[in-house]
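Step one of this worksheet: look at the structure below.
The values are calculated or read from the model by the stated rules, or taken from the named source; none is laboratory data. Being a predicted model, the structure only gives us computed values, none of them experimental. Heads up, the Cβs are rebuilt from the backbone with ideal geometry, glycines too, and the neighbour counts pull from every protein chain shown.
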Amino acid sequence: MTEEMKESAQAETVKAEKVGKKRWPIVVSVIVAVLVVAGIGGFAWHNTPSFCGTVCHSSMSEHVDNYYGADDTNGAGLAHWHGVNAGTTCLDCHKADINTQVAELGSQLSGDTDNLGLADRYYVDNDTCLSCHGDSYEALAEQTADLKPYNPHDSPHGQLNCNECHKGHAQQVDTCGQCHPNGGQTMRGTN
């Protein structure tokens, strides 16, 4: 091999190294961009009812069907009513902290999904309901003062848990009407 050929081969090697050094930041940038977009998309999907009834929560599909009004009750319960009329999603009412999500993942992986009912880890407390409905039980009672013959939110029995009457994924229950005549009052958000 001549000296010229050696120099030419060496120049080609140096040139290839420079091109390779210029490409790696581009390749890394593209990979990072794809991961960021996929992460954002995954997080956005995580916040939708369709996610709750598929990948991780197939055992909750009956609740998601209820949310969409596609179950045998045609969406009895407030989940469907809130979804249609207020645009709420599962995570608006069922706050999913990391401990709950890890426990659910364990239940799904072990096949023990009987404990995934909405009455245990995803029980909706009054504070969650009141965050949209009056901010306090007293304010809610003022907002519903026109309910006659009595205002169920101004009960002489004290504050009840909202879930006693208002069911997310089931027919509403007129708890007061079980002991007292309610004068024809009906509950909103029922079919």
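At a glance:
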read-out	value
Failed condition for Gly183, given (1) at pLDDT below 85; (2) farther than 25 Å from Asp65 by Cβ; (3) surrounded by 12 or more Cβ atoms within 10 Å (Cβ to Cβ)	(3)
Those residues of the range 124-176 which are closer than 30 Å to Thr100 by Cα and outside any loop (DSSP other than H, G, I, E, B), in sequence order	Asn126, Asp127, Thr128, Cys129, Leu130, Tyr137, Leu140, Cys162, Asn163, Glu164
Considering residues of the range 92-104 that are part of a loop (DSSP other than H, G, I, E, B) and among the charged types (D, E, K, R) only, the residue nearest to the chain's Cα centre (by Cα)	Lys95
Filter result for the condition that a residue is of a type outside the set (D, E, K, R), in contact with a Ser or Thr (Cβ under 9 Å, 6 or more places away or on another chain) and modelled with pLDDT under 75, over His46, His57	His57
Filter result (under 30 Å from Val84 (Cα atoms) and either among the small types (Gly, Ala, Ser) or at pLDDT below 70 (or both)) within the range 28-43	Ala38, Gly39, Gly41, Gly42
Residue tally, condition surrounded by 13 or more Cβ atoms within 10 Å (Cβ to Cβ) and under 15 Å from Gln178 (Cβ atoms), over the range 129-162	4
Enumeration of residues in the range 68-91 that are part of a helix (DSSP H, G or I), modelled with pLDDT of 85 or more and out of contact with any Phe, Trp or Tyr (no Cβ under 8 Å at 6 or more places or on another chain)	Tyr68, Leu78, Trp81, His82, Val84, Asn85, Ala86
Residue in the range 13-27 that is at pLDDT 75 or above, outside any loop (DSSP other than H, G, I, E, B), closer than 30 Å to Leu130 by Cβ and hydrophobic (A, V, I, L, M, F, W, C) present	no
Matching residues, the range 77-101, being small (Gly, Ala, Ser), surrounded by 15 or more Cβ atoms within 10 Å (Cβ to Cβ) and within 17 Å of Cys162 (Cβ to Cβ)	Gly77, Ala79
